[in-house]
Amino acid sequence: GHDLKEMTAHRAEPDRGKAFFERTFAACAKLMQTIVRHPKPVIAEVDGLATAAGLQLVASCDLAIASHEATFCTPGVNIGLFCSTPMVALSHNVSRKQAMEMLLTGETIDAATAKEFGLINRIVPREYLNQVVDKYAQTIASKSSLVVKTGKEAFYAQAEMGLADAYAYTGRVMVENMLARDAEEGIGAFIGKRKPQWSDE
């Protein structure tokens with residue numbers, strides 16, 4: 001989360017910290033959108049408390065793997081500051097009722113509840129956390145980077161569309177993807193029962 005002592009210190013400025021707060025929240029929003037728009041998948045590895053902007057960071061990542069010890073919360077309501085910006089990423093990951101539960105109570109949830117809510121993908125023992133995240137990264141890295149980039153971009157774009165528009169858009173994406181050399185290679189390798197050789201084009 002944000003450093004509340006640092007933020008509070010800016011209240012002594014003539015504008016009561018308004019300019020600093022605007023810069024801070026704008027930079028945070030830019031970072032979260034950069035993660036979503038990044039052509040490569042971003043994996044969160046969580047082994048502690050992900051609170052407020054920290055939870056926002058986890059929710060903004062494409063995948064999230066946590067240890068059994070990880071916990072999550074949006075506690076702003078407890079200190080008179082509703083977690084409005086973390087709410088954006090949170091509400092795009094979990095159901096409305098679950099998001100509102102976290103936002104309105106400010107209570108900390110454990111990793112099992114976070115997985116049940118859909119905030120994280122997997123829970124693993126702390127000693128295997130890095131190994132499991134590395135395995136996910138290696139598995140994804142073994143795919144065509146063009147196809148992964150295309151798929152990630154399409155995933156987030158269609159999520160913001162109505163049903164008919166989403167199908168029209170993803171239909172166009174599928175056609176372009178089918179015309180890519182890596183689709184031709186991948187399908188040929190599958191049919192020929194061999195490992196594909198990606199050219200990333």
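Values as computed for the structure displayed
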| read-out | value |
| --- | --- |
| Positive minus negative residues near Arg172 (Lys, Arg vs Asp, Glu; Cβ under 15 Å) | -3 |
| Shape category assigned to region 93-201 from the gyration tensor of Cα positions, a/c cut at 1.5 | oblate |
| Under 5 Å, built H, 5+ apart or other chain: amide partners of Val42 | Asp62, Leu63 |
| Shape of region 24-104, Cα gyration tensor, a/c cut at 1.5 | oblate |
| Matching label, Cα extents along the principal axes in Å computed from the structure shown, candidates (i) 62, 37, 27; (ii) 45, 39, 34; (iii) 67, 39, 30 | (iii) |
| Residue exposure sequence - Phe21, Phe72 - by fewest surrounding Cβ within 10 Å | Phe21, Phe72 |
| Table column - 3J(HN,Hα) (Hz), region 9-26, Karplus curve with 6.51, -1.76, 1.60, x for Gly and Pro | 4, 6, 5, 6, 6, x, 8, 6, x, 3, 4, 5, 4, 4, 4, 4, 5, 5 |
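Read-outs throughout are calculated quantities, based only on the coordinates presented, and are distinct from any laboratory measurement. What you are looking at is a predicted structure, and each value in this text was computed from that prediction instead of being measured. Methodologically, a virtual Cβ is constructed for each residue, glycine included, from the backbone with ideal geometry; neighbour enumeration extends over all protein chains shown.
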